[in-house]
Amino acid sequence: MRITRVYTRTGDKGTTRLVGGQEVPKDHPRIAAYGTTDELNAILGIVRVMNRQSGAASEAVSRIDAMLHTIQNDLFNVGSDLATRPEDRWEGMYRVGDTDVKRLEDWIDALNEDVGPLREFILPGGGPVGAFLHQARTVCRRAERELVALLREEPGTGEGTMRYVNRLSDYLFVAGRWAAKQLGEPEFLWERPGKSG
């Protein structure tokens, strides 16, 4: 792939083009879905920067960074899939699916063993890495909602993408807890009204 020019001027009238060349309005459900996926990817980039600057043990920093690097690449594949109508897909086009979902599930299970049982809901915050992972989780949930709207309108978009994004939000929750523990960031629990002690 070679990008020679950043601006195309097609957006000046509120439209953009999908991978197959079809012109659609910028508020089309397909654009909303891959736009939110792109936003999520940008937040994960911030998490990776914060993680490397945390000063925590290099083993934990490297493990978080490696997982998020893989996920960022996955999200480009998700974005490519969402930017391509089913009829415009090409032979050999990579689309996230069962293998990628299984990798996330394995990571969730491994990280969950280290964090212990959850006694109460988590308040996002505590430290920069954990806080940004929780923000990423909420943006991932928005991407999931937008995918639901797109799949209702265009069912052929693909279940693999939906399963991946759903599992990714679960991963980001557990990763936020795991990162907080590994990096020495505090974890604040919701104080349920009327609950004593």
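Bear in mind that the values in this text are calculations on the coordinates, not laboratory data. Keep in mind that what you see is a predicted model, and the values were worked out from it rather than measured. Glycine gets a Cβ as well: all are built from the backbone with ideal geometry, and neighbour counts include every protein chain shown.
Need one word for the stretch 118-160: rounded, prolate or oblate. Basis is the Cα gyration tensor (sqrt eigenvalues a ≥ b ≥ c); a/c below 1.5 gives rounded, then a/b vs b/c decides.
Prolate is the answer for the stretch 118-160, as a/c is 1.5 or above and a/b outweighs b/c.
Under a 5 Å amide H to amide H cut-off, with H placed in plane at 1.01 Å, what residues pair with residue 122 once short-range neighbours are removed?
190
For the stretch 130-144, just list the computed ³J(HN,Hα) in residue order, Karplus coefficients 6.51, -1.76 and 1.60, θ = phi - 60°, integers in Hz, with x standing in for Gly and Pro.
After applying 6.51 cos²θ - 1.76 cosθ + 1.60, I find x, 5, 5, 5, 5, 5, 4, 4, 5, 5, 4, 5, 5, 4, 5 Hz.
Compute the FRET efficiency between residue 87 and residue 112 as 1/(1 + (r/R0)^6), taking r as their Cβ-Cβ distance and R0 = 35 Å, and round to the nearest 0.05.
With a Förster radius of 35 Å, E is 0.30.
Compute for the chain: radius of gyration divided by Kirkwood radius, i.e. Rg/Rh, restricted to C-alpha atoms, rounded to two decimals.
Radius of gyration relative to Kirkwood radius: 1.02.
Ranking 165, 148 by Cβ neighbours within 10 Å, fewest first, what do you get?
Least crowded to most crowded, the residues run 148, 165.
What angle do you read, to the nearest 10 degrees and between 0 and 90, between the alpha-carbon axis of helix 58-82 and the longest principal axis of the chain?
It works out to around 30 degrees.
Could you list 47, 174 in order of exposure, starting from the residue whose Cβ has the fewest other Cβ atoms within 10 Å?
Arranged by neighbour count, lowest to highest, 47, 174 become 174, 47.
Find me the longest stretch of the chain that has none of the exposed trypsin sites (Lys or Arg not before Pro), where exposed means in a DSSP loop (not H, G, I, E or B) with at most 12 other Cβ atoms within 10 Å.
Longest site-free region, per DSSP loop and neighbour criteria: 10-118.
Using alpha-carbon pairs under 8 Å, 6+ residues apart, how would you state the relative contact order of the chain in percent?
It rounds to 28 percent for the chain.
Most fluctuating residue of 170, 74, 88 in a GNM of the chain with Cα springs under 10 Å: which is it?
88
Compute the length gained on full extension between residue 57 and residue 119: take 0.36 nm times their separation in residues and subtract their Cα-Cα distance, giving the result in nm to one decimal.
19.7 nm
Which chymotrypsin sites (Phe, Trp or Tyr not before Pro) in the stretch 89-173 sit in a loop by DSSP (not H, G, I, E or B) and have at most 14 other Cβ atoms within 10 Å of their own Cβ?
The qualifying sites are 90, 94, 121.
Taking each pair of distinct Cα atoms in the stretch 30-123 once, what is the resulting Kirkwood hydrodynamic radius in Å?
15.5 Å is the Kirkwood radius here.
What is the Å³ per residue value for the convex hull set by the Cα atoms of the stretch 41-94?
59 Å³
Using the 10 angstrom Cβ neighbour count as an exposure proxy, how do 91, 146 rank, fewest first?
Neighbour counts put them in this order, fewest first: 91, 146.
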